[in-house]
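Participant: Encoded as structure tokens, here's the structure I'll be asking about.
The values are calculated or read from the model by the stated rules, or taken from the named source; none is laboratory data. Since the model is a prediction, treat every value here as computed from it, not as a measurement. The accessibility values were calculated without ligands, DNA or RNA, using every heavy atom of the protein model including side chains. Shrake-Rupley method; radii C 1.70, N 1.55, O 1.52, S 1.80 Å.
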Amino acid sequence: MAKHWADFQYEIYLGGMGGAVPRLPMDLTRLEELAEHRLDAGPAGYVAGSAGNGSTARANREALERHRIVPRLLRDVGERDLSVEVLGRALPAPVALAPVGVLSIVHPEAEPAAARAAAAQGVPYILSSASSTPMEQVAEAMGDAERWFQLYWAKDREVTRSFLERAKGAGYSVLVVTLDTPLLGWRPRDLERAYLPFLHGVGTANYFSDPAFRAGLDKPVHEDPNAAVLHFAGMFGDPGKTWPDLAFLREHWDGPIVLKGVLHPDDARLAADAGMDGVVVSNHGGRQVAGGVGAADALADVVRAVGDRLTVLFDSGVRTGDDVFKALALGASAVLLGRPYVYGLALDGQAGVEHVVRCLLAEFDLTLALSGHRAPGSVDAGCLAGGTSS
Ligand SMILES: Cc1cc2nc3c(=O)[nH]c(=O)nc-3n(C[C@H](O)[C@H](O)[C@H](O)COP(=O)(O)O)c2cc1C
Ligand SMILES: CCCCC(=O)C(=O)O
């Protein structure tokens, strides 16, 4: 019998009979406010902030909120199974933790704590290139759990080649290449405080520990950390890259490659033509292009364009179990969760991240059951008001 994530609610109610109440909110949309109180202004603004006046981040929520679920009745939902197969991997539920860099700005245990939480709950963890902990150390913290690596595609080919080799060696099996960040978006909250973690050497651990990166420095990192930071800033992103450059990644990575940040169906087709395995429909949580399309509004068109050729994942704005359900109804195979788990980490370390995952999946399980479904496979556009089943 598959695990019923919804049972988490009975655990909470039973705990309440013994006088225990949850340490963190059960409504994940309340985490941001609490975390903002807990964190210093710089880190709080960095995590919660977005591009421009926040219009893309708002569009993400509006796009998800606009869709409404139309439940079905009397369909025997007593036994449910949330598991899905994504990129040839069996996942217990259609959720993974999105790559989020610089986590030491919110909690001293940083990425290893988030990775351990993901491993404990069985959901994949996508480690950011911009992590505050070298990828090998994070891998060690996870045992044999499913781990994916997110690549920021450096200007320097040797550094990219070295990152791919290290990631392979450390057991990361899926490569997620983020394409929407060749330059940093215009982020007023950070600009107003002149706060950028990288300039303080946070989020540079994978680079500073990399032999190819170090080979490009005149002096060792510890002798001239400022020069190392500047070297990092100069090669971190590459706005000159074009589609044919993907051949280099395909050549140096044997496993699945997923392109993150795709919003236009033509880009999704180009990804398929380039031999990629999947895309993440995402606008980086509204942190890059201001005035951008709500990510959920771009999802169905991408699925229509490449759903038969590529695995389509989704992120940006997911806050609740019903958001997960809606993303599946719009054609995603699974979603990535961003800021909510970062707030969980900020508020209660590994336990906070586990709390967030358990709440999200309990809510998703209940949404599924109460809408008349036993498994993600039967969720389609016909579950939404105005939609028709395929
Ligand atoms: C603080 C922060 C750091 C991030 N760092 C990365 C990163 O290093 N690599 C990446 O691909 N995406 C990064 N993202 C974007 C997330 O992977 C994801 O696309 C986004 O958070 C999803 O939106 P949501 O926060 O609304 O769920 C970051 C997001 C935040 C909030
Ligand atoms: C250059 C940005 C690196 C981290 C990141 O992706 C983010 O803050 O959104």
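Participant: Considering only protein heavy atoms and a 1.4 Å probe, what is the carbon-and-sulfur percentage of the accessible area of segment 308-381? Kindly include the intermediate steps, with their values, before the conclusion.
Facilitator: Details: 800 of 1670 Å².
Here carbon and sulfur together make up 48 percent of the probe-accessible area.
Participant: Per-residue HN-Hα couplings for segment 156-166, Karplus 6.51 cos²θ - 1.76 cosθ + 1.60 at θ = phi - 60°, whole Hz, x for Gly and Pro?
Facilitator: Computed from phi, the couplings for segment 156-166 are 7, 4, 5, 5, 4, 4, 5, 4, 5, 5, 4 Hz.
Participant: Separate question: Give me the accessible area per residue for segment 15-168, probe 1.4 Å, as a whole number in Å². Show your work: numbers first, answer last.
Facilitator: On the way: 6900 Å² over 154 residues.
Spelled out: the 1.4 Å probe surface of segment 15-168, per residue, equals 45 Å².
Participant: Sticking with this one: Which shape class, rounded, prolate or oblate, goes with the chain when its Cα gyration tensor gives a ≥ b ≥ c as root eigenvalues, a/c under 1.5 marks rounded, and past that a/b bigger than b/c marks prolate? List each step's numbers first, then the result.
Facilitator: Values: a/c = 1.66, a/b = 1.35, b/c = 1.23.
Verdict is prolate for the chain.
Participant: Still on this model: Starting at the first residue of segment 229-241, write each ³J(HN,Hα) from the Karplus equation 6.51 cos²θ - 1.76 cosθ + 1.60 with θ = phi - 60°, in whole Hz, x for Gly and Pro.
Facilitator: With the stated coefficients, segment 229-241 comes to 4, 5, 4, 4, 4, x, 10, 4, x, 9, x, x, 6 Hz.
Participant: In whole angstrom, how far apart do the alpha carbon centroids of segment 135-163 and segment 240-291 sit?
Facilitator: Computed from Cα coordinates, the inter-centre distance equals 17 Å.
Participant: On to the next question. Write down the accessible area per residue of segment 183-297 in Å², having rolled a 1.4 Å probe over the full set of protein chains.
Facilitator: On the way: 5480 Å² over 115 residues.
In whole numbers, segment 183-297 has 48 Å² accessible per residue.
Participant: Here's something else I'd like to know. Of the cross-linked pairs Lys241/Lys326; Lys3/Lys326; Lys219/Lys260, which ones have a Cα-Cα span greater than 30 Å in the structure shown?
Facilitator: Values: Lys241/Lys326 33 Å; Lys3/Lys326 22 Å; Lys219/Lys260 34 Å.
The pairs that break the limit, which is 30 Å between Cα atoms, are Lys241/Lys326; Lys219/Lys260.
Participant: HN-Hα J couplings of segment 334-350 from phi, Karplus 6.51/-1.76/1.60, θ = phi - 60°, integer Hz, Gly and Pro as x?
Facilitator: Using θ = phi - 60°, the values come out as 6, 10, 10, 9, x, 3, x, 6, 5, 5, x, 5, 4, 8, 7, x, 4 Hz.
Participant: Under 5 Å between amide hydrogens, which residues at least 5 positions from Leu217 or on another chain qualify, with H placed 1.01 Å from N in the peptide plane?
Facilitator: Those lying under 5 Å, H to H, from Leu217: there are none.
Participant: Given H placed 1.01 Å from N in the peptide plane, which residues other than close sequence neighbours of Arg287 have an amide H under 5 Å from its amide H?
Facilitator: Placed amide hydrogens put Ala51 under 5 Å from Arg287.
Participant: Okay, next question. Enumerate the amide H contacts of Leu384 below 5 Å, restricted to partners 5 or more residues apart or on another chain; note that Pro and chain-start residues carry no placed amide H.
Facilitator: Excluding prolines and chain starts, which carry no amide H, the hits are Val70.
Participant: Next question. Heavy atoms only, probe 1.4 Å: what % of the accessible area of segment 16-162 goes to carbon and sulfur, would you let me know?
Facilitator: Numbers: 3260 of 6630 Å².
Taking all protein chains in place, segment 16-162 shows 49 percent carbon and sulfur surface.
Participant: In segment 212-280, what percent of the accessible surface is made up of carbon and sulfur (1.4 Å probe, ligands and nucleic acids excluded)? Could you put the intermediate results ahead of the total?
Facilitator: On the way: 1760 of 3400 Å².
Looking at segment 212-280 in its full context, I get 52 percent from C and S.
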